[in-house]
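Here's the structure, in structure tokens; my notes come after.
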Amino acid sequence: MIDDLDETLRQLLIQKAALDPAEVDISFDIPTRDWSTPVTRPTVNLYLYDIRENRQLREMYWDQEPSGNGKVQIKRGPLRIDLSYMITCWTSATEDQHRLLWRVLETFFRYSPLPEDMLQGGLRQLVHPVRTEVAQPDGVLKNVSDFWGALENQLRPSISLVVTLELDLEQIRTLPLVFARVLKFGRPAVYRDTEGHEYLLRQLESGWEAAPVRLAGEIHGAGGKPIGGAAVRLIGTQADGHPVQVGPTLQTQADGRYVFEGIPPGDYTLVVEVTGRAPQQRPLTLAVGERGELLPELVYEVEVPMT
């Protein structure tokens, strides 16, 4: 994928910046002193010096798709990886270097995100646009002089370019259906590119609240046979410590299932009453995880033994 990105950047400079390969070289080498000394004609060098995950664009949610037989397939969203390039121009005359730098800078600002018709190889299969950040003040490289000192070369002007690619790990799991639902309230986060175009992200702006609002379960007897007509109640605790029933008393369906709506997170006691059998009590906790965390499985089954 990185080689496809290199070729995409090369074609962008050739076709959009009008850099004739017969007159200007485009390379991706480490700009050490030994490398730069034999450079004899104008060269644009794009040195990839850092690769790291963009945690601001990390998607914590898993896409879900029913697979039948009471199962669901969940697939992890792709990671977003930032690749940082240092772009330098090498010419015999300083004014030619500055002229070439400006043309390259203008091209990368003008074509951000990278145009689809420029994408090479595997980049054509990506779901998200290939976004870039050009010459931003808060990049990875903090001390340019130390960087050039490590390369044993003289300090020279450079353009920072950060390209964000997606990395699909193709992680797919098959899980039981989850009878719990999460509502996330808030406005979606917005990414605005250099041309003022806005893209809604899957993340929400800070401040939203998440809570389970639907709790379902199943009552069955020994051997797994469902029990219909059982009474199911949720008992919570008031602020003063006294117990209180939360929500209505439900009757299970013929398949033994019940559904509570609008239940806030907290600690409860699930009470099940079946005619002719001793009441069953089970502790139950509805917890909210970290923001963006996938809600765990919440299928609550109770077996009522014969007395």
Residue-by-residue Karplus 3J(HN,Hα) for the stretch 245-254, coefficients 6.51, -1.76, 1.60, Hz, glycine and proline x: 6, 10, x, x, 7, 9, 10, 5, 6, 4
Radius 10 Å from Cβ of residue 249, net charge of other residues (Lys, Arg +1; Asp, Glu -1): 0
Residue 257's amide H: which non-local residues (gap 5+, or another chain) put their own amide H closer than 5 Å, with H modeled 1.01 Å from N in plane and none for Pro or chain starts? 219
Ranked list, fewest to most other Cβ atoms within 10 Å of each Cβ, for 255, 6, 240: 240, 255, 6
If we count other beta carbons within 10 Å of each Cβ, what is the order of 218, 170, fewest first? 170, 218
Among 242, 128, which comes first, then next, by fewest other beta-carbon atoms within 10 Å? 242, 128
Reciprocal mean inverse distance between Cα atoms of the stretch 6-128 - Kirkwood radius, Å: 17.3
How compact and how long is the stretch 1-46, expressed as Rg and Dmax of its alpha-carbon atoms in Å? 11.3, 31
Give me a comma-separated list of calculated 3J(HN,Hα) values for the stretch 11-16, in order, Karplus coefficients 6.51, -1.76, 1.60 applied at θ = phi - 60°, integers in Hz, x for any Gly or Pro. 5, 4, 5, 6, 8, 9
Karplus-derived HN-Hα couplings along the stretch 131-142 (A = 6.51, B = -1.76, C = 1.60, θ = phi - 60°), whole Hz, x at Gly and Pro: 7, 9, 10, 10, 6, 8, x, 10, x, 5, 7, 9
Net charge, residue 229 excluded, C-beta distance under 15 Å - Lys, Arg +1, Asp, Glu -1: +1
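Values quoted throughout were computed directly from the atomic coordinates according to the rules given, and no laboratory measurement underlies them. Being a predicted model, the structure only gives us computed values, none of them experimental. So basically every Cβ, Gly included, is an ideal-geometry build from the backbone, and we count neighbours across all protein chains shown.
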